[in-house]
Amino acid sequence: NPPHNHAGFLSGVIYYKNHNHPTKFFDLGCEYEGKNGTMIMFPSQVLHHVEEQTSSKERITLAFNIIKRDAL
């Protein structure tokens, strides 16, 4: 995925099968290797990306956004 951010309040990634394919956070000057069976959360506006996968191994990650809404 090219550098991007998300709409909403908080975003996250669940790393199911990732094979240490890191998510890189430009705004924070760090990266997370994405250990299998872990999850990270970060402010949605943080710019991040994942480099192209060149391995033939299956990679499964689930990205999500939490959107803050006014109470009903």
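The values are calculated or read from the model by the stated rules, or taken from the named source; none is laboratory data. Being a predicted model, the structure only gives us computed values, none of them experimental. Ideal geometry is used to build each Cβ from the backbone, glycine not excepted, and the neighbour counts take in all protein chains shown. Only protein heavy atoms, including side chains, enter the accessible area calculation; ligands, DNA and RNA are left aside. Shrake-Rupley method; radii C 1.70, N 1.55, O 1.52, S 1.80 Å.
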Using a 1.4 Å probe on the protein chains only, how many percent of the accessible area of the chain belongs to carbon and sulfur?
54 percent
Show which aspartates and glutamates lie in cross-link reach of LYS35 when reach means a straight Cα distance below 18 angstrom and same-chain residues fewer than eight apart are skipped.
GLU51, GLU52, GLU58
Accessible area (Å², 1.4 Å probe, nearest 10) - LEU62
100 Å²
Using R₀ = 22 Å, calculate the FRET efficiency as 1/(1 + (r/R₀)^6) where r is the Cβ-Cβ separation of THR61 and PHE26; round to 0.05.
0.75
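Exactly which trypsin sites (Lys or Arg not before Pro) in the stretch 19-72 are in a DSSP loop and have at most 13 other Cβ atoms within 10 Å?
Answer by residue number: LYS35, LYS57, LYS68, ARG69.
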Which chymotrypsin sites (Phe, Trp or Tyr not before Pro) in the chain pass both tests, a DSSP loop state and at most 14 other beta-carbon atoms within 10 Å?
PHE9, PHE26
In Å², what does the accessible area per residue of the chain work out to with a 1.4 Å probe?
73 Å²
At a Förster radius of 22 Å, what calculated FRET efficiency corresponds to the Cβ-Cβ distance of GLN53 and PHE9, to the nearest 0.05?
0.15
